[in-house]
1. Given the structure, is Val13 in contact (Cβ under 8 Å) with a residue 40 or more places away in the chain and farther than 20 Å from Ser135 by Cα?
2. I'm trying to understand the selection: among the residues of region 143-184, which are acidic (Asp, Glu) and out of contact with any Phe, Trp or Tyr (no Cβ under 9 Å at 6 or more places or on another chain)?
3. Give me the residue from region 198-239 that is in contact with a Gly (Cβ under 7 Å, 6 or more places away or on another chain) and over 25 Å from Leu165 (Cβ atoms) and, out of that set, surrounded by the most Cβ atoms within 10 Å (Cβ to Cβ).
4. Select, from Glu307, Glu232, Glu277, the only residue that is at pLDDT 95 or above, within 23 Å of Asp32 (Cα to Cα) and not small (Gly, Ala, Ser).
5. Please return the ranges of helices (runs of 4 or more DSSP H) entirely within region 64-170 where 2 or more residues are more than 17 Å from the chain's Cα centre (by Cα).
6. In region 263-313, which residue that is over 18 Å from the mean Cα position of the chain (by Cα) and β-branched (Val, Ile, Thr) is farthest from Asp179 (Cα to Cα)?
7. List every residue pair whose Cβ atoms sit under 6 Å apart, with the two residues 6 or more apart in sequence or on different chains, where the first one lies in region 134-156 and is not assigned by TED's automatic domain parsing to the domain that holds Leu23 and the second, anywhere, is surrounded by fewer than 24 Cβ atoms within 10 Å (Cβ to Cβ).
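The values are calculated or read from the model by the stated rules, or taken from the named source; none is laboratory data. On a predicted model such as this, the values are computed, not experimentally measured, just so you know. A quick note on method: Cβ atoms are made from the backbone with ideal geometry, for glycine too, and the neighbour counts reach across all protein chains shown.
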Amino acid sequence: MSRSVRAFAPASVGNIGVGFDLLGHAIDGPRDVARVTRIEEPVVRIDAIRGDVAGVDRLPLDAPSNTAGRALMSLREALDLPFGFAVALEKGIPLGSGLGGSAASCVAALVAANALLDTPLAREALYDFALDGESVSSGSRHGDNVAPMLLGGVAMATSERMLALAAPDWLHAVVVHPDQVLETRRSRAALAEPYPLHTVVEHTAHLAQFLLGLQHGDADLIRAGLHDVLVEPRRAPLIPGFAQVKQAALGHDALGASISGGGPSVFAWFASRAAAETAAPAMRAGFVDAGFEARAYVTPVNAPRAELSTEAT
């Protein structure tokens, strides 16, 4: 008899500015949901993709070309499973938003499918399969979105493992998503030219201060470190309104602000929820003034991880 499970995966802020392809944190806001059914046929099938987001009808139902499908295929192959999975996706994260929508689909599907295994795997064991899924969309195996979705809060993602990073509970973020689409491959293409050594050294100093600030719960160190001198200068011109949104955040005492993932969404960190809530309307207005409708989310940086949303049936 077939059994079905539903799971959600949250949106995320990839890179967190200074941690390109290395750091990310979950968002308590938009999410994707996957309903996965265990089937007798030893295949992975994408039965439906729905959701109130633009372009959802263009997402592939072909499993190898779909992030969720590819992730579950990798799971099946690694475990040599005699059964398969049928997947229905409900997209809640806008496409091309820089909020990890492609990653969320594969993470939600993996969490649901894992619950259908006779012996479910530890959460850490799902990481490699999630990287396989994410690579379908981005063209590379980077975990700065899938790791915080799987672990919650702030995570470090290497090619081999994901690590949860402690962050103080007072940290809150504002994430503003404009009515723009910036495809991941285009935003990555902007980084093709090599960087001078002095820029890399400066960026490394920022990253070190940022990580120490997280470890010690030191707002001044986080503020000193949250400056992206590598990626932001090249991607910012691709995002109309970015400069206004960032300036609005810094004008409301943000610890720092930058591009979420590949953009066009923008995030800022604050030392309290009250400060974030005060800044959110001004940040949103930065995009509106540039001619784009936008939505602002206020979220703890230590946001929840992907989880089952119903019991198995």
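1. Working: in contact (Cβ under 8 Å) with a residue 40 or more places away in the chain: yes; farther than 20 Å from Ser135 by Cα: no.
No; evaluated as a whole, the condition is false for this residue.
2. Here is the first cut: in region 143-184, the ones acidic (Asp, Glu) are 144, 160, 169, 179, 183.
Across region 143-184, the qualifying residues are Asp169, Glu183.
3. Once the filter is applied, the top-ranked residue is Ile239.
4. Details: Glu232 fails: within 23 Å of Asp32 (Cα to Cα); Glu277 fails: within 23 Å of Asp32 (Cα to Cα).
The unique qualifying residue is Glu307.
5. Numbers: elements: 67-79, 101-115, 127-138, 146-151.
Qualifying helices (runs of 4 or more DSSP H): 67-79, 101-115.
6. Across region 263-313, the extreme among qualifying residues is Thr313.
7. From residues that are not assigned by TED's automatic domain parsing to the domain that holds Leu23, there are no pairs.
Listed here are the residues, each with its yes/no results for (1) among the acidic types (Asp, Glu); (2) surrounded by 24 or more Cβ atoms within 10 Å (Cβ to Cβ); (3) modelled with pLDDT of 95 or more; (4) touching a Cys at 6+ places or on another chain (Cβ under 7 Å).
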position: Ala113; (1), (2), (3), (4): no, yes, yes, no
position: Glu134; (1), (2), (3), (4): yes, yes, no, yes
position: Ala147; (1), (2), (3), (4): no, yes, yes, no
position: Leu151; (1), (2), (3), (4): no, no, yes, no
